[in-house]
Amino acid sequence: MARLLGIRARLAITLVALVALTAILLGAGAYVFVETSLHDQALRDAAAQARFDLAVTIPNRGQPPQPSADDIVDSGLRQTFLQRGVDTVIDTGDAEPVVSRPDLVGAAAAFPPDLAERVRAGELAYAWSTVAGRPSLVIGGRVGGAGPAFYFIHDAAAIDEALGQLRAALIVGTIALVLVALLVARSVARRILAPIEAASRAAEAIEHGDLSARVPVTSDDEFGRWAERFNGMAEALAETIGRLEAAEAQNRRFVADVAHELRTPLAALVAEASILREHLDSLPAQSRRAGELLVSDVGRLRSLVDDLMEVSRFDAHAEQIVVEPVELGRLVRMATASRLSEATIELPDRPLVIDTDARRFDRIVANLLDNAREHAPAAPVTVSLATDIAEHEIVVAVTDRGPGVPPDRLGRIFERFYKADPSRHGGSSGLGLAIAAEHAALLGGYLTASNLAEGGLRMELRLPVTGSLPLGDAAATAGADARGSDDPVPGASHP
C-alpha cells in the first residue's frame, strides 16, 4: 500500500494519524478523569447522606427490638423518607421489603448480590445499578450493624447525561481536529515537499536537454542547502556537457573538413591510379608489384574518404530518407549479386512489399555482405528474408560460417572504427557496420549480431512494417481470395 501512495500522501496521513491518536488519548483521559470525579463526588455525597439517614432512623442506640415491616410502616418512617425525597428500600427480612415509592417494588431483587452480602455483614456498601429503569447509585447499610437493611437510591441519570454530552463533545471535537489536521497536513506536506517537486521538474527538464533548469532556493534550512548543491551539480554538469559538445562538434568539423579537403587530391590520385592500372602489364616486373599496391591503396583511400563523408553527413543531420513502396526480395537479390554472388539466398514464396528507402536498404545489406566476405572469405554465406509476424518486423539475416566474434566484443562491432580483431584489418576502415547501423536507425529499425552455436556469425536487420504486406501477411490478406486475386487489399503498397 505504501508503494501506491506518494510521499506527500504518506506524510499527510502520518500527521493526521498523530493528531487523531493524540486527540483520542487526551479525550479518553479527560473522559475517564471527569467520569471518576463525578462518580466519586456523587458517592461521597451519597455516603454522607446515608450515614446521616441511618443515624436519625432509630434514635434509641441501645438494643431495640428488631422492627417488623408493619412497625416501620406504622412509625411513619417510609413517609419521612418520602417527604425528604430519599428513595429507600428497607429490607426487614420479611417477604416483601418496605419501599418509599410503589415503583420500587421488586427493586431489591435487582441489587448486585455482593451489595446485600456486605450490608448484612454490617458494612456501608454501594453499587452502581439500574433501578426502576434508571441509572442509580445504591447505598446500603444497617443501623449499628444490626436491624433492617436500608438501601438509599440516588438517581444518577444526571451524571450519565453529563457523561453522554461529554462523550459527544469529545467525539465531535476529535472529528473536527482530524479534519483540521488533514487540511493543515496537506498544506504542510505540500510546502515541505515543494523543493523536492521543484527538483523533480528541474531534473526532468535537464533530462530533456534543458541544461539551464535550476531549483529555486527559498530557505536557509536543509532543503535550501540541498537546492544549492543540486544547482551546483547541474551547473557543473552543464559545463561538462558543453565542453563535450564543443569538443565533439570540433571533431566532427575536423572529420568533415579532412574528408572534404581530401576529395580534390584524391580525385587526381584515382585518375592517375586508373591510368597506371591500364599500363601495369607494360611495367617491369620489379615495378609492377609496387604499381598494383599503389592502385589498391588508392582504392582503399577512396573508400575511406567516402565513408568519412557519409559519417559527416550523419553527424550534421543532413541525411534525408525517401520512402516509397519497395519489393524487398528484389533488392536483396540485386545486392547479393553485386557484393557476394556465391552466397545462398533464401526468400519467402511471395513478395514482401513495404514502404522504405530503397537506397539505404541496399546500403545496409551491402555492408553486411561486405563484412561477411571480409571476415569469412572462404566460408559459405546465407542471406535470408522473412517476416516476424509476432513483432510486425521484416528480418534480413546475413549468416556466415566464419570464426565469429569474441563474446566480449560482440556488443561493440557497430561502433565507429571498432575492429573485433585489429590484427585482421584487411581493407576495412571499421566504418561499414557503423554506417549500416546509422541507416537502419533512419529507417526506424536496428541491427543485431549473435554468434551461432555451431560456429559463425549472424547479422540481422530488423525493420518495422511501415506498409502493408499484401502477399506475405496472412492476417492482412485473409479476405483477398474471396475478393479475387486482382482486387487489391485496402491500404496496400505496390511497387
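The values are calculated or read from the model by the stated rules, or taken from the named source; none is laboratory data. Since the structure is predicted, the reported quantities are computational estimates derived from the model, not experimental observations. Reconstructed Cβ throughout: ideal geometry from the backbone, glycine too, with neighbour counts over all protein chains shown. Please note that ligands, DNA and RNA were not included when accessible areas were found on the heavy atoms of the full protein model with its side chains. Shrake-Rupley method; radii C 1.70, N 1.55, O 1.52, S 1.80 Å.
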- Task: Could you state, as a whole-number percent, how many of the C-alpha pairs of region 226-270 are farther apart than 13 Å?
- Result: 68
- Message: From the phi angles alone, apply the Karplus equation (6.51, -1.76, 1.60; θ = phi - 60°) to region 302-316 and give each ³J(HN,Hα) in whole Hz, x where the residue is Gly or Pro.
- Response: 4, 5, 5, 5, 4, 5, 5, 5, 5, 5, 5, 5, 4, 5, 7
- Message: Give me a comma-separated list of calculated 3J(HN,Hα) values for region 440-454, in order, Karplus coefficients 6.51, -1.76, 1.60 applied at θ = phi - 60°, integers in Hz, x for any Gly or Pro.
- Response: 4, 5, 5, 7, x, x, 7, 10, 10, 9, 8, 7, 8, 4, 8
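In units of 2.2 N^0.38 Å, what is the alpha-carbon radius of gyration of region 12-51? Please report the intermediate quantities before stating the final value.
On the way: Rg = 17.1 Å, N = 40, 2.2 N^0.38 = 8.9 Å.
In units of the globular-protein estimate, region 12-51 measures up at 1.92.
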- Between region 316-353 and region 240-292, the Cα center-to-center distance that results, in Å: 30
- Item | Amide H contacts under 5 Å for Arg101, placed H, 5+ residues apart | Thr88
- Nearest 20 debye, what's the magnitude of the dipole of region 233-339 about its Cα centre given +1 on Lys and Arg Cβ and -1 on Asp and Glu Cβ? 500
- Long-range HN-HN contacts of Leu431 with modeled amide H, under 5 Å: Phe417
- Tally up the carbon and sulfur contribution to the accessible surface of region 151-293 as a whole percent, 1.4 Å probe, everything protein left in place. 60
- Most to least accessible of Asp160, Asp408 (protein chains only, probe 1.4 Å): Asp408, Asp160
- Task: Skip the ligands, DNA and RNA, and give the accessible area per residue of region 269-386 with a 1.4 Å probe, whole Å².
- Result: 55
